[in-house]
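Enquirer: Below you'll find the structure I mean.
The values are calculated or read from the model by the stated rules, or taken from the named source; none is laboratory data. Worth saying up front: this structure is predicted, and the values here are computed from it rather than measured. Don't worry about glycine lacking a Cβ; one is built from the backbone with ideal geometry, like all the others, and counts go over all protein chains shown.
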Amino acid sequence: MRVFITGAGGQLGYDLQAAFSGSHHEVIAADHAACDVTDRDAVMAAITSTRPDAVIHAAAWTAVDACESDPDRAFRVNALGSRFVAEAAARIGAAVHYVSTDYVFDGSKRTPYTEWDEPSPRSVYGWSKLAGEREVQAIAPAATIIRTSWVSGRHGNNMVKTILRLAAEHEMLRFVADQRGHPTFTADLAVAIRRLVVERRVGVFHLTNQGAVSWYGFARAVLEAAGLDPDRVQPISTSELDPPRPAPRPANSVLANQAWEASGLPLLRDFREPLAELIHELGATH
């Protein structure tokens, strides 16, 4: 199978390349320089000239707070860019797999969100990613939508690296205890996405590592995995953040992997296992 990956220079893009390598698949890895998704002509040329069997659309503008202050750019990248990718894929009959986010939900539900819950974003980022979902589904009805959350990996910037940096700079850390989600690690996520692609599964899937936790609990887990004292982390409420974040965050970001599990597929590991592996790879243990 020939697979085209947008956003190949991002943290998930790197691990998607690794997931498909050495498995009788040909990967066309397109980073921003090779395929700017906001340029329709460039997207059309890149995808139609290589004629992949499947496109994994992982390119996105994920700076949540920056999206809030620049909605035009957010929708240009996350919504219109997705339209262009889906349009190019449809022209050659390639399957489309779009990576989306927990931010399409408002976080008010008391239980985990399933694939059949109605999206209702609170932020520009969430609305732009939902718009991307709708663009893809309108052009490629047999597309696969993959919603994930709290993503970390070896490449790029993420919360694991941020927590470790803060721990090296400060004795005490403060993280919110009233926002909960499923931390997800790109090494596991990429392998699961490969399965969706190879088995040509369509529809909406929530795909995360297991183990619901608050950001406070996650920060403690990171420190513990790095051999540091987790009691250095103090819990605060979102209202105590100083300065407050420009973009509202969902209080409940927990995604139930219901469609995946009901399809007879094994749930991804508890997040603490890939977290320990990532800490080891980063050489951050003490």
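Enquirer: Mind listing whichever residues of region 251-272 are under 15 Å from Phe218 (Cβ atoms) and exposed (fewer than 15 other Cβ atoms within 10 Å of the Cβ)?
Expert: Of everything in region 251-272, just one residue is under 15 Å from Phe218 (Cβ atoms) and exposed (fewer than 15 other Cβ atoms within 10 Å of the Cβ), namely Asp270.
Enquirer: Shifting gears a bit: State whether one or more residues within region 50-64 are in contact (Cβ under 8 Å) with a residue 60 or more places away in the chain and in a helix (DSSP H, G or I).
Expert: Checking region 50-64: at least one residue is in contact (Cβ under 8 Å) with a residue 60 or more places away in the chain and in a helix (DSSP H, G or I).
Quick grid of which residues meet (1) surrounded by fewer than 21 Cβ atoms within 10 Å (Cβ to Cβ); (2) out of contact with any Pro (no Cβ under 7 Å at 6 or more places or on another chain); (3) among the hydrophobic types (A, V, I, L, M, F, W, C); (4) assigned to a loop (DSSP other than H, G, I, E, B):
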| position | (1), (2), (3), (4) |
| --- | --- |
| Ala74 | no, yes, yes, no |
| Leu80 | yes, yes, yes, no |
| Glu115 | yes, yes, no, yes |
| Tyr125 | no, yes, no, no |
| Arg147 | no, yes, no, no |
| Asn157 | yes, yes, no, yes |
| Leu164 | yes, yes, yes, no |
| Ala168 | yes, yes, yes, no |
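Enquirer: Which residue is surrounded by the most Cβ atoms within 10 Å (Cβ to Cβ), if the candidates are limited to region 224-250 and must be aliphatic (A, V, I, L, M) and closer than 20 Å to Val160 by Cα?
Expert: If we take residues in region 224-250 being aliphatic (A, V, I, L, M) and closer than 20 Å to Val160 by Cα, then Val233 is surrounded by the most Cβ atoms within 10 Å (Cβ to Cβ).
Enquirer: Write out, first by first residue and then by second, each pair whose Cβ atoms fall under 7 Å of each other, whose residues are 6+ apart or on separate chains, and whose first residue, in region 171-194, is within 23 Å of Gln234 (Cβ to Cβ) while the second is modelled with pLDDT under 95 and among the hydrophobic types (A, V, I, L, M, F, W, C).
Expert: Short answer, once both residue conditions are applied: Val176/Leu241.
Enquirer: Let me ask something else. Given the conditions (1) outside any strand (DSSP E or B); (2) out of contact with any Pro (no Cβ under 7 Å at 6 or more places or on another chain), and given that Asp188 satisfies all but one, which numbered condition is not satisfied?
Expert: (2) is the only condition that Asp188 fails.
Enquirer: Inspect region 102-112 for any residue being more than 29 Å from Pro274 (Cα to Cα) and either in contact with a Lys or Arg (Cβ under 9 Å, 6 or more places away or on another chain) or of a type outside the set (A, V, I, L, M) (or both) and give the result as yes or no.
Expert: No - not one qualifying residue is present in region 102-112.
Enquirer: Take the conditions out of contact with any Ser or Thr (no Cβ under 6 Å at 6 or more places or on another chain) and either under 30 Å from Ala256 (Cβ atoms) or free of Cβ contacts under 8 Å to residues at least 12 places away in the same chain (or both) and apply them to Asp102. Does it pass?
Expert: no
Enquirer: Among the candidates Val204, Val222, single out the residue that is part of a strand (DSSP E or B) and at pLDDT 95 or above.
Expert: Val204
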